[in-house]
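See structure below.
The numbers here are math on the coordinates, done by the rules we state, and not lab data. Remember, predicted model here, so these are calculated numbers, not experimental data. For neighbour counting, all protein chains shown are included, and Cβ atoms are generated from backbone atoms with ideal geometry for every residue, glycine included.
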Amino acid sequence: MLASAAESGVTGFMVPGISLKSSLKAALLSETRTGVFAAAGIHPNEFDPDFQDSSAGLPEILLRPRVIAVGETGLDLYRERTSVEHQIKIFRKHIRLAEAFGLTLIVHSRNAEREVLDVLGDDVSVPVIMHCYTGPSDTAREAADRGYYIGFAGPMTFRKNRWLRDLAGSLRVDRILIETDAPYLSPEPLRGRRNEPSNVKYIADAVSEIWGRGLEETAGTLMKNSLQALQLGPVRRTDLVYLLYGNIYMNITGRCTNQCRFCIKERADGIGGYYLKHHGEPIEERLESIIGTLRPHMGKELVFCGYGEPTMRPELLKRLARSTSDRGFSVRLNTNGSCLTRLSPEETAELLEPFDAVSVSLNASCRDQYNSICRPADGNAWDRLMEFIELAGRAASVRLTAVRYSGVDMESVEKLAKSLSLPLRIRG
C-alpha cells in the first residue's frame, strides 16, 4: 500500500490511532517506515465500555519519536456510543495532552461541529485539524477564522456534494488540507472500493479545479499547508521530552556556556528521531504540564538536560526536579558543571538537593585542553568545574562522561577520573 502510494507521488503519511492499541501500532510503524508519522488518540466511538479513562496510557505513546499529533479525538453525536458528557471529558484531556506536548490536534466531529468548537474555545495553543470535514459551512468558516485547518477527504468528490466543493472554494487557501481517511470514503470514481493513500490524488484534482490552478501548484500549496499544520515546516516543533536508553529526558533549554567542538548541536538538530533544536526558550508552564502527564514507570530515570546546559535555568530546573522527585521519579542531572561560574556554592548545593544522580561532562584532563576543546565563555571554567564535581559528590551519585574526539587525550581523562575516585563513561 505504501509502495503504491509512493508511485502515485505521495511522499508522506500520517497514520492516526483510534485506540491505545492502534495508536501504539501506528507509532511503531512510523519508526520502521520512511515518511510515516503517527498520531495517538482515542476516537469517541472507541471508549472503554465501562466509561473508564481510556486515555490514561496515551502519554507513554506520545513520547515516541515520530508521534507528531494527538488524535483522532473529538465528539461523535451520530452514533453516540457513550454519553456526550463523557466524550467531552476525554476530549478535553486530549486537548491538554496536545498542549502539554506541543502536538497538533486531529479532531473528529460528526454531527457535533458546533459542540467541538465550543469545547476547543478560542485559545488552543497548538494547530488544530478538523479532520474529514463534512459539517456546516458556517462552522467551518468559524474554525478557519480561528486558525484551524479544514481537512477534506473523499466526500468532497461525491457528485451530490457540490456544497462541500463550494465550501472549499470559500475558505482561505492556507487553511485547507486534503486526506483520504483510508480505508473509508473512497473518492469518485472509486466509491464502494477500499480506500488507499494513493487515492489522495483524486481530492487534489478536485481542489485544483476549485482553485482554478494547475495540479503542480495546488500540490505545492497543499504540501506547505500540511507541513505547517503538522509542525514539520521550517520552524519545527521542538521535542521538550523524549525517551532514549530507557530514560525520560527533559530538554529545557537551548542555551549553553560552552561551544564544545564535539557537541551534537554542531552536526544535527536532534538525536534518536527527535527534533531538539530550540527556536526560543521553552515556556515554563509547558514544561510543568508535561511533568504532570508523566509517570515513574515510563523510564528508569528522569534526566534533566537540554540542547544546551540545563543549569542556565536554575530556578526552573530546581522546581521541576523537586516536583518529579516528590512524585517518585529517580532524577538525574546532565550538566557541563559550569553553574559555579554563575551561582554561589550555597545556591548550587540547593539546586542539587532534589537529584539522585549527576552526570558531568569532563572531556579533558587539564585547563588548556578543556579551553581548546570545550571553549567555555568563562576563563575560570575549568577550576569551577573541578569545584562543582567535588560539591556534587556531597549531594548525589556522580558520574563523569567524555566523548571521543580529535585532540582528547582519553588516557589522561581516564587517569583524572580515577584520581577523583569517580566512574567514567566514554561515548562516541
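Among 283, 61, 178, the largest mean-square fluctuation in a Gaussian network model of the chain, built with springs joining Cα atoms closer than 10 Å, belongs to 283. Here the simple spin-label model places points 7 Å from the Cα toward Cβ, and for residue 158 and residue 344 these points are separated by 7.2 nm.
In the frame of its principal axes, segment 329-406 has Cα extents of 37, 26, 16 Å, reported largest first.
Modelled this way, with points 7 Å down the Cα-to-C-beta line, the labels at residue 34 and residue 80 are 4.9 nm from one another.
Per residue of the chain, what 222 nm ellipticity follows from adding -39500 (n - 2.57) for every DSSP H run with n ≥ 4, rounded to the nearest 500? Estimated from H runs of four or more residues: -11000 deg cm²/dmol. Looking only at 254, 57, 246, which one moves most when the chain is put into a Gaussian network model with springs between Cα atoms under 10 Å? Sorting by GNM fluctuation, first place goes to 246. Got a sec? Which residues in segment 7-38 would a label at residue 297 touch, if it sits 7 Å along Cα→Cβ and we count backbone N under 17 Å? Hits in segment 7-38 for residue 297 at 17 Å: 20-21, 24.
Based on the convex hull around the alpha carbon atoms, segment 2-229 presents an average projected area of 11.7 nm².
What residues of segment 211-234 lie in the reach of a label at residue 173, counting those whose backbone N is under 20 Å from a point 7 Å from the Cα along Cα→Cβ? Inside the label zone: 211-230, 233-234. Peptides 101-109, 388-396 ranked from most to least packed give 101-109, 388-396, packing being the mean of other C-beta atoms within 10 angstrom over each peptide's residues. Comparing 383, 181, 239 in a Gaussian network model of the chain (Cα springs below 10 Å), the most mobile by mean-square fluctuation is 383. Straight-line reach only, C-alpha to C-alpha below 28 angstrom: list the lysines that residue 25 could link to, leaving out same-chain residues fewer than 8 apart. The reachable lysines, counting only those whose Cα sits under 28 Å from residue 25, are 89, 93, 201, 224, 277, 300. Distance between the pseudo-spin-label points of residue 114 and residue 194 (7 Å out from Cα toward the beta carbon): 4.0 nm.
Expressed in units of 2.2 N^0.38 Å, where N is the residue count, the Cα radius of gyration of segment 202-278 is 1.64. From the alpha carbon centroid of segment 339-391 to that of segment 236-263 is 18 Å.
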